[in-house]
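Engineer: What follows is a structure written as structure tokens; I'll ask about it next.
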Amino acid sequence: MEGNVLIVGMGLIGGSLALCIKEEHPHASIIGYDVNHKELRLANTLGVIDEMVQSLEQGAEKADLIIISTPVTQTEKIMKILHNTDLKQGVIITDTGSTKGQIMKAARPLSEKGITFIGGHPMAGSHKSGVSASKKILFENAFYMFTPSDSAGEREMKSLESWLSGTRAKFLIVPPKEHDELTGMISHFPHIIAASLVHQAKDSSEEHPYLRRLAAGGFRDITRIASSNPVMWKDITLQNSQVLKDILEKWKIEMEEVIHMIEERDAEKLFHYFNEAKVFRDELPVLSKGAIPAFYDLYIDVPDYPGIISEVTAYLAEEKISLTNIRILETREDIYGVLVISFQTIEDRERAVVCLKEKTAYDLFID
Ligand SMILES: NC(=O)C1=CN([C@@H]2O[C@H](COP(=O)(O)OP(=O)(O)OC[C@H]3O[C@@H](n4cnc5c(N)ncnc54)[C@H](O)[C@@H]3O)[C@@H](O)[C@H]2O)C=CC1
Ligand SMILES: O=C(O)C(=O)Cc1ccc(O)cc1
């Protein structure tokens, strides 16, 4: 497709979408705008955008597609500004916000003016933020949810799907209420729980100086999302507040029940509690991307000598296998540790196994 695409908010998601659109539609012009001039200049220097503008209006007036990828409270403000801006006939406005109910309410004045707004939410991302973390493959095979407003017809939906076809995501239309209930449960609520686990561990670390070192393994993994952008999560929590309050009330009751099982030393109920969770979790699809992206870990039992990490990563680099994270698990005092490398896809991990089996004699484990 050809035309001008304005991306407002040149962070992780805006940058990744810019890369996807440019790859699929090389003749389109990608214009970037961000209140953070440093981030905007970086997007330009990295070649993520073709042009930068100094004001929202300057970019909006010439855009055929406007993508708002800012924290959700800002998205509402930007929609108000766009409502009062002279836009091109036929422009499509979409967003990438993690909440949809309040944003779709804010879209009504735009629809009443005949401007097409299609709510959007790519269900993939990372705890990292900023344009330097953006990647073309971020949304591959992930769900991308749309909440079209009344002003969006089939033609506009098709046009937006074409613009975004380079994401290689699976498009899905859902009503805003259902969107917020679903994401509240499987994305927003887990973020609150991850943050609360870290808070409890922090309190406990004052009493137990070893805690920081022991928390370096599994605890670090299950709380990874607590390292996400706090501004973004403050906004999401405020916008999806009713859904989250209801879930947290249920969670409080469930935790009371767990306390009761422990006090009563009720082995059978405790067994069922863990077993039901295991059965449901084990049945979840493993190969598709969910709301919280999966990372595929490979454990490598490495000997203790300097330069071991660079040796292993060099083998992977030779085969052009990209990794997303690397760390040492220090679970025992007497051994150097296990090297854990995370990959974004199961295929990358399989290639890494083949490569390391060929080039080293280290034991490899997959969880
Ligand atoms: N991070 C993630 O994994 C995912 C995030 N989202 C949603 O996408 C949106 C963007 O998230 P990220 O890219 O991760 O955030 P980010 O923090 O990487 O980027 C946001 C950018 O928006 C800019 N910005 C803030 N207010 C602005 C304004 N008024 N005008 C112009 N620019 C402004 C910031 O300076 C920043 O560069 C959020 O609404 C978030 O809920 C959706 C899916 C995944
Ligand atoms: O980093 C992670 O695992 C995430 O949870 C990414 C994410 C953040 C916000 C979303 O609305 C969707 C996905």
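The values are calculated or read from the model by the stated rules, or taken from the named source; none is laboratory data. Since the structure is predicted, the reported quantities are computational estimates derived from the model, not experimental observations. A quick note on method: Cβ atoms are made from the backbone with ideal geometry, for glycine too, and the neighbour counts reach across all protein chains shown.
Engineer: Filtering the range 227-238 down to residues that are surrounded by 14 or more Cβ atoms within 10 Å (Cβ to Cβ) and in contact (Cβ under 8 Å) with a residue 60 or more places away in the chain, which residue is farthest from ligand 1 (Cβ to nearest atom)? Don't jump to the end; show me each part of the working.
Structural biologist: Start the filter on the range 227-238 by keeping residues that are surrounded by 14 or more Cβ atoms within 10 Å (Cβ to Cβ), which leaves 227-229, 232-233, 235-237.
Then drop every residue that is not in contact (Cβ under 8 Å) with a residue 60 or more places away in the chain, which leaves 227-229, 232, 235-236.
On the way: Ser227: 11, Ser228: 7, Asn229: 5, Met232: 5, Asp235: 7, Ile236: 6 Å.
Only one residue fits best here, namely Ser227.
Engineer: Among the residues of the range 23-43, which ones are in contact with an Asp or Glu (Cβ under 8 Å, 6 or more places away or on another chain) and farther than 22 Å from Met232 by Cα? Working first, answer last.
Structural biologist: First pass over the range 23-43, keeping only residues in contact with an Asp or Glu (Cβ under 8 Å, 6 or more places away or on another chain): 25, 27-32, 40, 43.
Residues satisfying the conditions are His25, His27, Ala28, Ser29, Ile30, Ile31.
Engineer: So which residues in the range 136-161 are within 12 Å of the chain's Cα centre (by Cα) and closer than 22 Å to Asp34 by Cβ?
Structural biologist: Of everything in the range 136-161, those that are within 12 Å of the chain's Cα centre (by Cα) and closer than 22 Å to Asp34 by Cβ turn out to be Leu138, Phe139.
Engineer: OK, next. Considering only helices (runs of 4 or more DSSP H) fully contained in the range 201-265, which possess at least 2 residues that are away from ligand 2 (no atom under 14 Å from the Cβ)?
Structural biologist: On the way: elements: 211-214, 218-222, 230-239, 241-263.
Hits in the range 201-265: 211-214, 218-222, 241-263.
Engineer: Quick check on the range 125-134: of everything there that is at pLDDT 90 or above and surrounded by 16 or more Cβ atoms within 10 Å (Cβ to Cβ), which residue is farthest from ligand 2 (Cβ to nearest atom)?
Structural biologist: If we filter the range 125-134 for residues that are at pLDDT 90 or above, which is where we start, we get 129-134.
Still in the running and surrounded by 16 or more Cβ atoms within 10 Å (Cβ to Cβ): 129-131, 133-134.
Working: Ser129: 10, Gly130: 14, Val131: 16, Ala133: 11, Ser134: 13 Å.
Result: Val131.
Engineer: Can we say Thr99 is near ligand 1 (Cβ under 9 Å from one of its atoms), outside the structural domain of Ile225 (by TED's automatic domain parsing) and part of a helix (DSSP H, G or I)? Please lay out each step first, then the result.
Structural biologist: Numbers: near ligand 1 (Cβ under 9 Å from one of its atoms): yes; outside the structural domain of Ile225 (by TED's automatic domain parsing): yes; part of a helix (DSSP H, G or I): no.
So Thr99 does not fit the description; no.
Engineer: Taking strands (runs of 3 or more DSSP E) that do not extend beyond the range 1-83, which have at least 1 residues that are within 16 Å of ligand 2 (Cβ to nearest atom)?
Structural biologist: Values: elements: 4-8, 29-33, 65-68.
Counting at least 1 such residues, we get 65-68.
Engineer: Continuing with the same structure: Please work out which one of (1) under 30 Å from Gly90 (Cα atoms); (2) out of contact with any Phe, Trp or Tyr (no Cβ under 9 Å at 6 or more places or on another chain); (3) more than 13 Å from ligand 2 (Cβ to nearest atom); (4) not acidic (Asp, Glu) is the condition Ser149 fails and give its number.
Structural biologist: (2)
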